[in-house]
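Enquirer: Starting off with a structure, shown below.
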Amino acid sequence: MARARLDATLRRVGSRAIAPASRLFRGAAPSPSLPERDQRKLIEQLRACLEPLLGAAIARSRAAEVAEVYLTLDDVGRRRFFALLAEHCRPDRATVDVAVGHYAATAARPGRSADLAAAEADLRLALVPGWERLFRSFCGLDEGVKFAVDLRADLLRARREPETVDPDAALERLDRDLRGVLEAAFDVGLLELRRVTWATPASVLEKLIEYEAVHEITSWADLKNRLGADRRCYAFFHPGMPDEPLIFVEVALAHGMAAEIGPLLDLSAPVADAEAADTAVFYSISACQAGLAGVSLGDYLLKWVVADLQHDLPGLRRFATLSPIPGLRAWLERQLAEDPTGLVGLLGDDQRSRLAEQGGGDPEAALARLVQGPDWVEEDGVAAAVRPALLRLGAHYLVRETREGRARDRVANFHLTNGARVERLNWLGNPGPTGMAESLGLMVNYRYDPDRIEANHVDYVLRGRVPTSSTVSRLLG
């Protein structure tokens, strides 16, 4: 689809006047791996695309042809494409030096505010790399926004691949600037919040199944259950990608905060009365576009959804998540390997004693056994004995384990940044394979209090304080 729409753009805005410079591959498509002979042609095409005096229509036409070439490339060719952008589309050093000199000379002459403003503008323009101008041109094409999003997904993947060489961090700068272009393109004022229902077009529903990242949607019946009368599903869309959800949240309408994921996913569970519900439980939030990683969408989504639910269902009194703790087990394994005594030292005397009973008097050995496998869940008395210790360690991990002033757990950091507080840990909230592998079955509720969201956000982001309920504070001792 993207290729067809780009071809349509070429037909509409193409011009014979630009053919010699910008259609070097016409009649002889580049090799997918972009070998050296084709790289030389692409460099010439990029230079033609970035001529500073081009009119907008011609610049857009040439950008469309660069995009068309990109779509023919394989993974090797795309890595080479990014390398060419980084090498040949950076700011021109001589132009920057002239602009810096002009700015310095103008600043040295007092009383020339208008001249100084013009010199500042010239300097800013000189510092804009050609690749950023190209990215902006891509976004102006039909299907160009989606193309730019997918382009960044490819760039992020290329940066992670061991074959990629980036000695001067040029690809990092490419990514930073492309993310900046996408942040502007996906400004919250341009986004549309839609409620997704069973009546939503199947093409969108299929994407929910594809993109669900927290609790797999196993069938159409499963999806229908998640869109039932006691459920809500909301997604952000962009006018440049009208049929592509950007991020979506699944909500259960219930009495009280849910403590287990099983009943929420149970297709045989009775349908609750949405009008009688007092709690909205956000149990799955999935980002759909890899190329929008780092572009803030989720915080706006939850705030808008809370407002929408308050309007439609005024009986709702609580807004909370039922969230995984994806980094807990890995953190426990690392602590057991590096400082097992320190880890056990986080426990109270009674917790250590009960844990030691399961390890022949050695609490460290007992904890190591718990982390190694889930079999203990089925053993009589073991789960009850180790529950206090694991809840204490889970609370410590969420509230006190930080990295650069933020919660170490990525899901915790997401919700705390958005203004939630750590409300409650749930024992064996997800005893399935994924839950045991990530967090030994523990789940957590983050609560969004509309009257405290801003204050919680400020406490966490500016002061490094993790808002917690009294229940969680008691777990910490």
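Enquirer: Under the rule a/c < 1.5 gives rounded, and otherwise a/b versus b/c splits prolate from oblate, where does the stretch 352-396 land using the Cα gyration tensor?
Expert: Cα axes put the stretch 352-396 in the rounded bin.
Enquirer: When only DSSP loop residues count, what GluC sites (Glu not before Pro) in the stretch 115-180 have their Cβ near at most 12 other Cβ atoms within 10 Å?
Expert: On the way: sites: GLU120, GLU132, GLU143, GLU163, GLU172; in loops: GLU143, GLU163.
Those satisfying the criteria are GLU163.
Enquirer: Moving on. Is there a quick way to get the dipole size of the chain? I mean about its Cα centre, with the Cβ of Lys and Arg at +1 and of Asp and Glu at -1; what is the value in debye to the nearest 20?
Expert: It comes to approximately 1580 debye.
Enquirer: Considering the dipole of the stretch 190-321 built from charges on the beta carbon (Lys and Arg +1, Asp and Glu -1) around the Cα centre, which of TYR300, SER268, ALA258 is farthest to its positive end?
Expert: TYR300
Enquirer: Now, a different point. Could you state the number of Å between the C-alpha centres of the stretch 196-224 and the stretch 251-272?
Expert: Rounded to whole Å, the Cα centres lie 18 Å apart.
Enquirer: Can you spot the lysines whose alpha carbon is less than 21 Å from LYS207's alpha carbon? Ignore those fewer than 8 places along the same chain.
Expert: Candidates past the 8-residue exclusion: LYS146, LYS224.
Enquirer: Can you grab the distance from the C-alpha centre of the stretch 356-372 to the C-alpha centre of the stretch 411-477, Å, no decimals?
Expert: Going from one Cα centre to the other spans 27 Å.
Enquirer: Plugging the Kirkwood radius over Cα pairs into Stokes-Einstein for the stretch 142-218, at a temperature of 20 °C and a viscosity of 1.002 mPa s, what D comes out in µm²/s?
Expert: 139
Enquirer: Quick one: GLU183, GLU401, GLU454, fewest Cβ neighbours within 10 Å first, how do they rank?
Expert: Ordered by Cβ neighbours within 10 Å, fewest first: GLU454, GLU183, GLU401.
Enquirer: Apply the Karplus curve 6.51 cos²θ - 1.76 cosθ + 1.60, θ = phi - 60°, to the phi angles in the stretch 101-114 and return the couplings in whole Hz, x for Gly and Pro.
Expert: My calculation for the stretch 101-114 gives x, 5, 5, 4, 5, 5, 5, 6, 9, x, x, 10, 4, 5 Hz in order.
Enquirer: Sort GLU51, GLU378 so that the residue with the fewest other Cβ atoms within 10 Å of its own Cβ comes first and the one with the most comes last.
Expert: Final ranking by Cβ density, sparse to dense: GLU378, GLU51.
Enquirer: Something else now. Check which residues have an amide H placed less than 5 Å from ALA272's amide H, if you skip close sequence neighbours.
Expert: Counting only residues 5 or more places away or on other chains, the set is ASP230.
Enquirer: Among VAL204, VAL196, which comes first, then next, by fewest other beta-carbon atoms within 10 Å? Don't jump to the answer; show the numbers that get you there.
Expert: Values: VAL204 17, VAL196 23.
By the 10 Å Cβ count, ascending, the order reads VAL204, VAL196.
Enquirer: At 222 nm, what value in deg cm²/dmol follows for the chain if DSSP H runs of at least 4 each add -39500 (n - 2.57) and the sum is divided by all its residues, to the nearest 500?
Expert: Details: 23 runs with 255 residues, N = 477.
Taking each H run of at least 4 residues, the total per residue is -16000 deg cm²/dmol.
Enquirer: Okay, next question. How large is the translational diffusion coefficient of the stretch 190-321 in µm² per second when you combine the Kirkwood radius over alpha carbon pairs with Stokes-Einstein at 37 °C and 0.692 mPa s?
Expert: Translational D for this selection: 218 µm²/s.
Enquirer: Which aspartates and glutamates, on any chain, are close to LYS41 with Cα under 18 Å apart, when same-chain ones fewer than 8 places away are left out?
Expert: GLU51, GLU65, GLU68, ASP74, GLU87
Enquirer: If you don't mind, another one. Given N residues in the stretch 328-476, what is its alpha carbon radius of gyration divided by 2.2 N^0.38 Å?
Expert: Rg over 2.2 N^0.38 Å, computed on Cα atoms: 1.06.
Enquirer: If you average 1/r across every pair of different Cα atoms in the stretch 368-438 and take the reciprocal, what Kirkwood value do you get, in Å?
Expert: Its Kirkwood hydrodynamic radius stands at 13.6 Å.
Enquirer: Between ASP308 and ARG90, what length in nm is gained on full extension when 0.36 nm per residue of separation is reduced by their alpha carbon distance?
Expert: Net length gain for the segment: 74.0 nm.
Values in this text are rule-based calculations from the coordinates and carry no lab data. Since this is a predicted model, take the numbers as computed values, not measurements. Backbone-built Cβ (ideal geometry, glycine too); neighbour counts: all protein chains shown.
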